[in-house]
Amino acid sequence: MHLTPRPRPFISLGILAAIVMISLLESFHVGGAVLSMGFVPLVAVAFIALGRRSGLLFSILCTAIMGIDHLYHWLVAENITLAMSVERLLALGSIWLMALLLIWRERMHVALEDSRAQNEAILMTATDGILTADAEGRIVSANPAAEEMFGYPSGGLSGLALEELMPAAQRAEHHAALTEMLDGRRDGAAVVGTTRTFEGQHRDGSTFPVEVTVSVFHAGGRQLFSAVMRDVSERREAEQRLRESQRTLSTLLSNLPGMAYRCLPDENWTMLFVSQGCLALTGYEPHDLMQNRTTTYARLIYPDDRQRVAETVMQCVRDDTSYQLEYRIVRANGDIRWVWEQGRAVRGGSGSIRCLEGLVIDITPQKRIEEALRESEARFRNIADSTPIMIWASGLDMGITFANLG
């Protein structure tokens, strides 16, 4: 493809100059008044048709000719009759009409060339591949992005069949679909104007995913297809990496001995995300807690612990430190469980708090062991203190670590 330079209006200027000379010769026969009437619209047309610079030069030429005409009129005013026949008026009017038509045609030609040059510039610089193919599926034109996408040199795609840009396994299906659509046996609306993803084939034989949008237009009495294509290999790879990352994260979270969360630092601790461990910990499904759909996490905290939890967490948020604390929650079935929580505030670029992220683990078994140990120690001390003999214990350094009241 190449850019077409805009033609200059020399043709129009030449045509107008010729018409001026014809009109001048005619005016010597019909009188200067008619010529004066004709030059005024001609100067206006010149400005419109030729632009400021060429129009100004033409108006100067017209002024000079009008000056000569007035001088001639002054010299022969007494001997020449200013009347003219209807035939001469019609002839002069036809000359001006022809001039206007030629100027209009030239301006339309310039506008068409400008539009064509602009379209070519867009095609040349577009990052998406753009192909034009005929009704037989032969490529008529291709922009540089399409040639680079499929690995062809400049002009190498022209004349190729569209099937050659596809893997062999898809060529027969594409050819049959194109034939059915042209014969009216398949609804073209299902293909034209929609974006679909196909496998493209590089010149070296490698394949890659390409996103294609097809449109139909007519030019020169032919039906043509235009395809805008985009190589989505990087996007597909990024999506695959994202899915793998999400799968890995989901596996890790599902194996955690508790509930991972992301919440807002509000009075309800509104959950934006909770892991699958939520059900085992609280008795609620994850979707029951997210966005406070069924209940809030703040309601699950044991009433006597709520204020302490809120004060501890918000103090650590203000200090920009992580928090660790133990408290009780009430499960969906009414059971009271002890939990251990650790988390930290997540801040945005401006330093504002976006959310809190952390982990909540059920420590009820440990709490029960600690409680049983305390009860055992209390029973032992009661027994030891009631014994009438002295009982004591010491370490290796002979320091006494326990002694009863006896």
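The values are calculated or read from the model by the stated rules, or taken from the named source; none is laboratory data. Owing to the predicted nature of the structure, the values given are computational and were not obtained by experimental measurement. Here Cβ is always computed from backbone atoms with ideal geometry, including for glycine, and neighbour counts include all displayed protein chains. All accessible areas refer to the heavy atoms of the entire protein, side chains included, with ligands and DNA or RNA removed. Shrake-Rupley method; radii C 1.70, N 1.55, O 1.52, S 1.80 Å.
Residue count for the stretch 278-325 under the criterion of being under 15 Å from Ala260 (Cβ atoms) and among the β-branched types (Val, Ile, Thr): the result is 1.
Out of the residues in the stretch 192-247 meeting the condition of being outside any loop (DSSP other than H, G, I, E, B), closer than 22 Å to Arg138 by Cβ and free of Cβ contacts under 8 Å to residues at least 12 places away in the same chain, tell me which one is least open to solvent (accessible area, probe 1.4 Å). Per the criteria, the residue is Ala219.
Can you pull out the strands (runs of 3 or more DSSP E) entirely within the stretch 321-395 that have at least 1 residues that are exposed (fewer than 14 other Cβ atoms within 10 Å of the Cβ)? Break it down stepwise before answering.
Values: elements: 323-330, 336-347, 353-362, 392-394.
So the answer is 323-330, 336-347, 392-394.
Taking the stretch 277-311, which residues are part of a helix (DSSP H, G or I) and open to solvent by 50 Å² or more (accessible area, probe 1.4 Å)? Passing the criteria: Leu279, Ala280, His287, Arg299, Pro303, Asp304, Arg306, Gln307, Arg308, Glu311.
Would you check which residues across the stretch 109-157 are polar (S, T, N, Q) and touching a Gly at 6+ places or on another chain (Cβ under 8 Å) and list them?
Step one: filter the stretch 109-157 for residues polar (S, T, N, Q), giving 115, 118-119, 125, 127, 132, 141, 143, 154.
Scanning the stretch 109-157 gives a single hit, Asn143.
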